[in-house]
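The values are calculated or read from the model by the stated rules, or taken from the named source; none is laboratory data. These numbers come from a predicted model, not from an experiment. Cβ placement follows ideal geometry from the backbone for every residue including glycine, while neighbour counts extend to all protein chains displayed.
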Amino acid sequence: MPKEYKTPKLDELEKGPWPSFVTEIKLAAKEKEMCNDLLGVLERSYNERIGHWKHGGIVGVMGYGGGVIGRYIDVPEEFPNISHFHTIRVNMPTGWFYTSEALRTLCDIWDRHGSGLTNMHGSTGDIIFLGTTTDELEPTFSELTQAGFDLGGSGSDVRTPSACCGPARCEWACYDTLKACYDVTMKYQDELHRPAFPYKWKFKFSGCPNDCVAAIARADISVIGTWRDAIKVDAAEVKNYADAGMDIFNDVVLNCPAKCMKFDHESKTLEIDNADCRRCMHCINAMPKALRPGDDKGATILIGAKAPIVEGALLSSVLIPFLNIDDEEEREDWFDLIEEMQDVWCEEGKNRERVGEFIQRVGMGNFLEAVGVEPIPEMVAYPRDNPYIFFETDEEEEE
Amino acid sequence: MADAMQERLTDIGPPNYEQFLHPVIKKNYGQWKYHEIVEPGVMVHVAESGDELYTVRVASPRLMSTTKIRQFADIAEKYCDGHMRFTSRHNAEFMTPNKGNVAKLKEELLAIGHPAGGIGPAITSIVHTQGWVHCHSAATDASGVVKCVMDDLFEYFNGEKKLPGKCRIALACCLNMCGAVHCSDIAILGVHTKPPRIDHANLNKICEIPNLSASCPTAAIRPATVNGVPSVEVIQENCMFCANCYTVCPAMPLNDPDSDGISIWVGGKVSNARSEPKFSKLAIPFIPNNPPRWPEVTEAIRTIVEVWADNARPYERIGEWIDRVGWPRFFRLTGFEFKKEHVDDFKHAGLSFKRSAHITHEPWEE
């Protein structure tokens, strides 16, 4: 008979309209003693206000250095069924699209080999299989690969790339986010499964400047869709929005960061000075039936975002203002540049130093020089405002 | 096992996404014309071909049992030709070309505990981390706090109450920020507030001391011999409790029931719409962990949401509203105390000081 845990504190979290994770764990606990013990230790954490998980150990599947996060409990004698409770990261289908059949396949595998608990999904985007024993790792992996799935990244490797739904279900996608993400994922399989970098390296693909996968805040390489030509305007639909009561002057024109729009109240026409447009998306977001990104579409490539650990949080900054990433040739050149950047970072980067922090340390100018990219004004919010310039003396001239 | 070993597959990557796309999506891939929000939690995408695709977005706790995923699979089969997806913020989405299926989808999903909402100027699911459910470095729980906050803000999820613009909330249970919460309209961040307790007897056996010293952003960790064995010492006044040392060395735990808690940050965004992406800024430095329902946290977040909703202009996100009216207004209207902790003292701190005479005088009285 499984132990019966009283969980008065957790039970409080089954109340209220938002779906309850406690209810989910209880559902899984009907099938698995592991999940019953998880309820027990979690109630204890709620009473003691402290976690009971220990630092991960090194566990994994043969030949891979990532994809499994070791997890052990600090009170195994009390909760023996979760003395090991490792996480498996499974690379999600790009854009998080599934068929019912694929979902059931994943459930079948996980019910056979683990807790039956998941995260749909982890923050980076992987399917998270939450909790199994060391012995079950290899059999889980074997069944996953037979079913066409593979592990995601962890540790100092290429982390599982992610993309917004893109052209599959969004009119604003300025490039094929799903294809770009999938191709990058396939290209970097070795780097994804075998950590060989100073620290993690993330790719994220957003189809437009709304950036639904938060690429600019989280990815070492942020790929954000944009366009170069004029915003497409459907004048009749602009008029329809105005007639329907939209305050186009206050809500659209005054919110334009470039102040590049004029609205004529009489004729209900919108005029855009596209040369000044910054491609922020606000007007298009506000009037999706009337305004659309242009036809000359591609992506802005930015580099270096990360969360605070170690030296402080960074947003990505512009590396390539416009790249036609759907074009095979341009994409190959871009892959070459990425390889160049990774080489420099691997050579010179310190342990646990993300590429953004590396650039902060060595200087963006030096980094660009090392990877063979010319500095351009698009890369800076403003030029240097201090006079501490490292002028480089021309050695030949001095001789 | 032997058979499995023989045909062992590696580096196959994820299954190709194309096989998972709904036929209507495949047909209209890259050919969508516009979309409209039909009702809270429901939108329709219209293609150049005239095809329509309805999406019902529902709440998810993110932590899901296979039992629930199978229920989702069944519902997708019944109403969505066997297709569904999840969003970057962990919502579940059910898509169908058949408008008549929308009401039934909403009803059946609600019946298994998943209400529709979270589209447009609404509060949607909270991106979050593992917390006490599965993490070694958590300074608070994740799923529990999220559940309490979303229960409390539910009327902003299901559309009963309107908001000026989008509001993205995220939670990370420690400074590692697996949830990358640092650019959220409202960020809930678990924090430690006491230095690590050093396990001198075991440290040298399980950790590399040079790596450990190098892990400290403020160089507060120095090699030292303690009781005759190699270990480290922590310069206490330089420690800001980031726990990076604990990440590289298990012999440096910081977790503590009384000194761990939650900080609240506001005004970040990742979208480029209107204003450039920006970091969240500190609103409340520390709230003690008060499980199971964290009432002080839910109240603080409700205060932020209500003050913003009452005062912002259409489309203005929290950070954009504060940029316009100034931080003195934010602190006055929320009633949050402004303290020493709010003034930055890390690298480049001076950039956050008020370096102009643009000041509102609070409170303004006619």
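Given the residues B:H134, B:H200, which is the only one that is of a type outside the set (K, R) and either out of contact with any helix residue (DSSP H, G or I) (no Cβ under 9 Å at 6 or more places or on another chain) or within 15 Å of B:I264 (Cβ to Cβ) (or both)? Quick ask: steps written out before the conclusion?
Numbers: B:H134 fails: either out of contact with any helix residue (DSSP H, G or I) (no Cβ under 9 Å at 6 or more places or on another chain) or within 15 Å of B:I264 (Cβ to Cβ) (or both).
Answer to the selection: B:H200.
In the set A:T269, A:T185, A:T226, which member is crowded, with 21+ Cβ neighbours inside 10 Å and more than 30 Å from A:L151 (Cβ to Cβ)?
On the way: A:T269 fails: crowded, with 21+ Cβ neighbours inside 10 Å; A:T185 fails: more than 30 Å from A:L151 (Cβ to Cβ).
On inspection, the qualifying residue turns out to be A:T226.
Take the residues in the range A:303-322 that are part of a strand (DSSP E or B) and more than 10 Å from chain B (Cβ to nearest Cβ), then tell me which one is surrounded by the fewest Cβ atoms within 10 Å (Cβ to Cβ).
A:P321
Kindly provide the set of residues from the range A:254-269 that are within 18 Å of A:K289 (Cα to Cα) and in contact with a Leu (Cβ under 8 Å, 6 or more places away or on another chain), ordered by number.
Scanning the range A:254-269 gives A:M261, A:F263.
Just checking, how many residues over the range A:88-100 are touching a His at 6+ places or on another chain (Cβ under 8 Å) and either crowded, with 24+ Cβ neighbours inside 10 Å or small (G, A, S) (or both)? Don't jump to the end; show me each part of the working.
Going through the range A:88-100, the residues touching a His at 6+ places or on another chain (Cβ under 8 Å) turn out to be A:92, A:96-100.
Next, from what is left, pick out any that are either crowded, with 24+ Cβ neighbours inside 10 Å or small (G, A, S) (or both): A:92, A:96-98, A:100.
Residues meeting the conditions: 5.
Please go through the range A:48-61 and pick out each residue that is within 8 Å of chain B (Cβ to nearest Cβ) and either more than 20 Å from B:T140 (Cα to Cα) or of a type outside the set (D, E) (or both).
Pass one, the range A:48-61, residues within 8 Å of chain B (Cβ to nearest Cβ): A:48-56.
Matches in the range A:48-61: A:R49, A:I50, A:G51, A:H52, A:W53, A:K54, A:H55, A:G56.
Restricting attention to the range B:130-147, and to residues there that are surrounded by 24 or more Cβ atoms within 10 Å (Cβ to Cβ) and of a type in the set (A, V, I, L, M, F, W, C), which single residue is farthest from B:F286 (Cα to Cα)?
Ranking the qualifying residues of the range B:130-147, first place goes to B:V133.
Do we have A:Y199 as over 27 Å from A:I284 (Cβ atoms) and either of a type in the set (V, I, T) or more than 10 Å from chain B (Cβ to nearest Cβ) (or both) here? Full working, then the answer.
Details: over 27 Å from A:I284 (Cβ atoms): yes; either of a type in the set (V, I, T) or more than 10 Å from chain B (Cβ to nearest Cβ) (or both): yes.
Yes.
Do you know which of the residues in the range A:107-163 that are within 7 Å of chain B (Cβ to nearest Cβ) and among the hydrophobic types (A, V, I, L, M, F, W, C) is nearest to A:R194 (Cα to Cα)?
Here the answer is A:F149.
Restricting to the range A:62-73, give me the number of residues that are more than 9 Å from every other protein chain (Cβ to nearest Cβ) and outside any strand (DSSP E or B).
Qualifying residue count for the region: 4.
Out of everything in the range A:27-58 that is farther than 14 Å from A:G114 by Cβ and among the small types (G, A, S), what residue ends up being surrounded by the fewest Cβ atoms within 10 Å (Cβ to Cβ)?
Taking the range A:27-58 and keeping what is farther than 14 Å from A:G114 by Cβ, we get A:27, A:30, A:36, A:39-58.
Among the residues that remain, those that are also among the small types (G, A, S) are: A:40, A:45, A:51, A:56-57.
Values: A:G40: 23, A:S45: 24, A:G51: 27, A:G56: 18, A:G57: 13.
This residue is A:G57.
Of all residues in the range A:75-106, which are out of contact with any Asp or Glu (no Cβ under 6 Å at 6 or more places or on another chain), more than 9 Å from every other protein chain (Cβ to nearest Cβ) and either in a loop (DSSP other than H, G, I, E, B) or not hydroxyl-bearing (S, T, Y) (or both)?
The answer is A:V75, A:P76, A:E77, A:E78, A:P80, A:S83, A:H84, A:H86, A:I88.
Quick test for you: out of A:I325, A:I359, pick the one residue that is under 21 Å from A:A219 (Cβ atoms), in contact (Cβ under 8 Å) with a residue 12 or more places away in the chain and assigned to a helix (DSSP H, G or I).
Values: A:I325 fails: assigned to a helix (DSSP H, G or I).
Exactly one of A:I325, A:I359 is under 21 Å from A:A219 (Cβ atoms), in contact (Cβ under 8 Å) with a residue 12 or more places away in the chain and assigned to a helix (DSSP H, G or I), namely A:I359.
For residues that are of a type in the set (D, E) and part of a loop (DSSP other than H, G, I, E, B), tally how many sit in the range B:145-188.
Initial filter on the range B:145-188 (of a type in the set (D, E)): B:151-152, B:155, B:160, B:185.
Subsequent filtering for residues that are part of a loop (DSSP other than H, G, I, E, B) retains B:160, B:185.
Counting residues in the range B:145-188 that are of a type in the set (D, E) and part of a loop (DSSP other than H, G, I, E, B) gives 2.
Counting just the residues of the range A:284-302 that are under 23 Å from A:A244 (Cβ atoms) and assigned to a strand (DSSP E or B), which one comes out farthest from the other protein chains (Cβ to nearest Cβ)?
A:L291
Hey, B:K26 hits all of (1) touching a Pro at 6+ places or on another chain (Cβ under 6 Å); (2) within 9 Å of chain A (Cβ to nearest Cβ) but one; which does it fall short on?
Every condition holds for B:K26 apart from (1).
Is one or more of the residues making up the range B:91-99 among the basic types (K, R), more than 27 Å from B:V270 (Cβ to Cβ) and touching a residue at least 12 places away in the same chain (Cβ under 8 Å)? Steps first, answer last, please.
Of the range B:91-99, the ones among the basic types (K, R) are B:99.
From what's left, more than 27 Å from B:V270 (Cβ to Cβ): B:99.
From what is left, the residues that are touching a residue at least 12 places away in the same chain (Cβ under 8 Å) are B:99.
The answer is yes; a qualifying residue exists.
Looking at B:A180, B:A187, which one is of a type outside the set (S, T, Y), under 22 Å from B:H134 (Cα atoms) and more than 9 Å from chain A (Cβ to nearest Cβ)?
Working: B:A180 fails: more than 9 Å from chain A (Cβ to nearest Cβ).
After ruling out the rest, the residue left standing is B:A187.
On the basis of being among the small types (G, A, S) and more than 30 Å from B:T247 (Cβ to Cβ), does A:G312 make the cut? Steps first, answer last, please.
Numbers: among the small types (G, A, S): yes; more than 30 Å from B:T247 (Cβ to Cβ): no.
It is false that A:G312 is among the small types (G, A, S) and more than 30 Å from B:T247 (Cβ to Cβ).
Starting from residues that are more than 21 Å from B:K278 (Cβ to Cβ) and surrounded by 15 or more Cβ atoms within 10 Å (Cβ to Cβ), keep the ones in the range A:252-266 and report whichever is nearest to the other protein chains (Cβ to nearest Cβ). Working first, answer last.
Residues of the range A:252-266 more than 21 Å from B:K278 (Cβ to Cβ): A:252-253, A:260-266.
Next cut, surrounded by 15 or more Cβ atoms within 10 Å (Cβ to Cβ) only: A:252-253, A:260-261, A:263.
Details: A:V252: 9, A:V253: 12, A:C260: 13, A:M261: 12, A:F263: 15 Å.
Selected residue: A:V252.
Against the condition at pLDDT below 95 and touching a Leu at 6+ places or on another chain (Cβ under 9 Å), how does B:G179 come out, does it pass? Give the derivation first.
Details: at pLDDT below 95: yes; touching a Leu at 6+ places or on another chain (Cβ under 9 Å): yes.
Here the answer is yes, as B:G179 does meet what is asked.
Looking at the range A:231-284, which of its residues are in contact (Cβ under 8 Å) with a residue 60 or more places away in the chain and touching a helix residue (DSSP H, G or I) at 6+ places or on another chain (Cβ under 8 Å)?
Hit for the range A:231-284 is A:I231, nothing else.
Checking B:L351 against (1) free of Cβ contacts under 8 Å to residues at least 24 places away in the same chain; (2) outside any helix (DSSP H, G or I), which single condition isn't satisfied?
(2)
Of A:S142, A:S123, A:S100, A:S115, which residue is of a type in the set (S, T, Y) and modelled with pLDDT under 95?
Numbers: A:S142 fails: modelled with pLDDT under 95; A:S100 fails: modelled with pLDDT under 95; A:S115 fails: modelled with pLDDT under 95.
Just a single option satisfies the conditions, and that option is A:S123.
Which is away from chain A (no Cβ under 14 Å), touching a helix residue (DSSP H, G or I) at 6+ places or on another chain (Cβ under 9 Å) and over 25 Å from A:G51 (Cα atoms), of B:T225, B:T303?
Numbers: B:T225 fails: touching a helix residue (DSSP H, G or I) at 6+ places or on another chain (Cβ under 9 Å).
Of the residues listed, the single one that is away from chain A (no Cβ under 14 Å), touching a helix residue (DSSP H, G or I) at 6+ places or on another chain (Cβ under 9 Å) and over 25 Å from A:G51 (Cα atoms) is B:T303.
Looking only at helices (runs of 4 or more DSSP H) that lie completely in the range A:118-228, which have at least 1 residues being of a type in the set (S, T, N, Q) and touching a helix residue (DSSP H, G or I) at 6+ places or on another chain (Cβ under 6 Å)?
Output list reads A:137-146, A:177-187.
From (1) touching a residue at least 24 places away in the same chain (Cβ under 8 Å); (2) within 14 Å of chain A (Cβ to nearest Cβ); (3) in a loop (DSSP other than H, G, I, E, B); (4) at negative phi, pick out the condition that doesn't hold for B:T360.
(2)
What is the number of the single condition among (1) under 23 Å from B:A243 (Cβ atoms); (2) within 8 Å of another protein chain (Cβ to nearest Cβ) that B:A142 does not meet?
All conditions are met except number (2).
Starting from the range B:62-87, keep only residues that are within 7 Å of another protein chain (Cβ to nearest Cβ), then list their pairs with residues that are surrounded by fewer than 22 Cβ atoms within 10 Å (Cβ to Cβ) and part of a loop (DSSP other than H, G, I, E, B) whose Cβ atoms are within a distance under 6 Å, requiring at least 6 positions of separation or different chains.
Note: pairs meeting the criteria are B:A76/B:G82.
Among the candidates B:N311, B:N290, B:N272, which residue alone is touching a helix residue (DSSP H, G or I) at 6+ places or on another chain (Cβ under 7 Å) and closer than 30 Å to A:V253 by Cβ?
On the way: B:N290 fails: closer than 30 Å to A:V253 by Cβ; B:N272 fails: touching a helix residue (DSSP H, G or I) at 6+ places or on another chain (Cβ under 7 Å).
After ruling out the rest, the residue left standing is B:N311.
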